[in-house]
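Have a look at the structure below, then the notes.
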Amino acid sequence: MENKAHNYRYIEWKTPDEMHFSSLQWKSELNFIKDEHRFFEDMLKEYTLPIIESQLFSRVKELIEQLDLSRKDLKLLEKRVADHIKKLRELLENTNEQREGHVYRQEHKEILNDVTHYSRQYKRLKRDIFQTVGRALKQQKQKRLLA
Amino acid sequence: MNRNTSRNFSANEKEIALLLKENSRWKEKLAFFKEEINFLNLYLSADIFQKNILNLYERLQLFYDELQNFKLGCLDLTTRVHNHRYDIEGILECEDISCEVFYHEEHLKLKESVLNFAREFRKFKLEVYSYTGRLLRRTSKEH
């Protein structure tokens, strides 16, 4: 899906400290997603019984592939955020230079745009996982009740 | 219908538009939390975990109970966020500064509540993932 770029005009008024703070929030959000990826991957790969029984195997295979792509994108995004944080930290620590930060504003905007886009895509993937695994769990429950 | 998009908005109207936008974002966030809660409800009560794990059912029950609290909290916040929308629109009718300040403070309080809920819920999810993730049963013969 196309990543529609937003202008985020308010960033023009952000100080380097504020940009640094936002970047740390992105880092924390991406770290959480990494843990969640691991959980969903284990759930989809290991928890095979109800999935095979519910004939959702091919759908689950697709989801595992999407999860894999999402993990690769996450890795790239994490690297960009980490570099950005490093640059902002250097800017904050360097008292001789003017702390304008305008050099990093464009980069900040671009990363914000990509983090937002990534989060949206990831939410869609999570919704698909909930639906598929939810269906398998419900079918398994019904079978148990009928047995 | 032809809409005049070049109309000038007052500072107050612009600010209200921003508050409303933030309100919509909270609403979206809470709607997604609700979906996550529903999934975890199903997940925690499913017969998918290994059988002979010490205190497994007690732990699952504790998670389940905590999840019900999150469910109630999410519902309460959703109602508050929904009602707050009318407060924001009401700012335009304020006749003095103290009235505007009051609604702005209400907005900030609600923002803190939503952020706090998100933080706590994230912590809870991580606990569920790290405890249950390794206890999933792989085959029907596994106990």
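The values are calculated or read from the model by the stated rules, or taken from the named source; none is laboratory data. Bear in mind that the values here come from a model prediction, so they are computed numbers and not experimental data. Methodologically, a virtual Cβ is constructed for each residue, glycine included, from the backbone with ideal geometry; neighbour enumeration extends over all protein chains shown.
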| said: What's the number of the only condition in (1) loosely packed, with under 13 Cβ neighbours inside 10 Å; (2) more than 14 Å from chain A (Cβ to nearest Cβ) that B:His104 fails to meet? | reply: (1)
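Residue-wise test of (1) surrounded by 17 or more Cβ atoms within 10 Å (Cβ to Cβ); (2) within 14 Å of chain B (Cβ to nearest Cβ).
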site: A:Ile64; (1), (2): no, no
site: A:Leu74; (1), (2): yes, no
site: A:Lys86; (1), (2): no, no
site: A:His108; (1), (2): yes, no
site: A:Val115; (1), (2): yes, no
site: A:Phe130; (1), (2): yes, yes
site: A:Lys138; (1), (2): no, yes
site: A:Leu145; (1), (2): no, yes
| Which of the residues that make up segment B:29-71 are within 14 Å of chain A (Cβ to nearest Cβ), touching a Leu at 6+ places or on another chain (Cβ under 9 Å) and within 22 Å of B:His82 (Cα to Cα)? | B:Leu30, B:Phe33, B:Lys34, B:Ile37
| query | Quick one: B:Gln61 ticks every box in (1) closer than 17 Å to B:Glu22 by Cα; (2) of a type outside the set (Phe, Trp, Tyr); (3) free of Cβ contacts under 8 Å to residues at least 40 places away in the same chain bar one, so which box is it? | reply | (1)
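Rundown of residues vs (1) more than 20 Å from B:Gly133 (Cα to Cα); (2) at pLDDT below 85; (3) in contact with a helix residue (DSSP H, G or I) (Cβ under 6 Å, 6 or more places away or on another chain); (4) outside any helix (DSSP H, G or I), yes/no style:
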position	(1), (2), (3), (4)
A:Asn3	yes, yes, yes, yes
A:Gln25	yes, no, no, no
A:Phe39	no, no, yes, no
A:Glu78	yes, no, yes, no
A:Val81	yes, no, yes, no
A:Arg89	yes, no, no, no
| remark: Apart from one, (1) surrounded by 14 or more Cβ atoms within 10 Å (Cβ to Cβ); (2) acidic (Asp, Glu); (3) closer than 12 Å to B:Trp26 by Cβ all hold for B:Asp87; the odd one out is (3)
| query | Does any residue of segment B:63-70 turn out to be modelled with pLDDT of 95 or more, surrounded by 13 or more Cβ atoms within 10 Å (Cβ to Cβ) and among the charged types (D, E, K, R)? | reply | yes
| remark: Of (1) more than 21 Å from B:Asn55 (Cβ to Cβ); (2) within 11 Å of chain A (Cβ to nearest Cβ), B:Cys94 satisfies every one except (2)
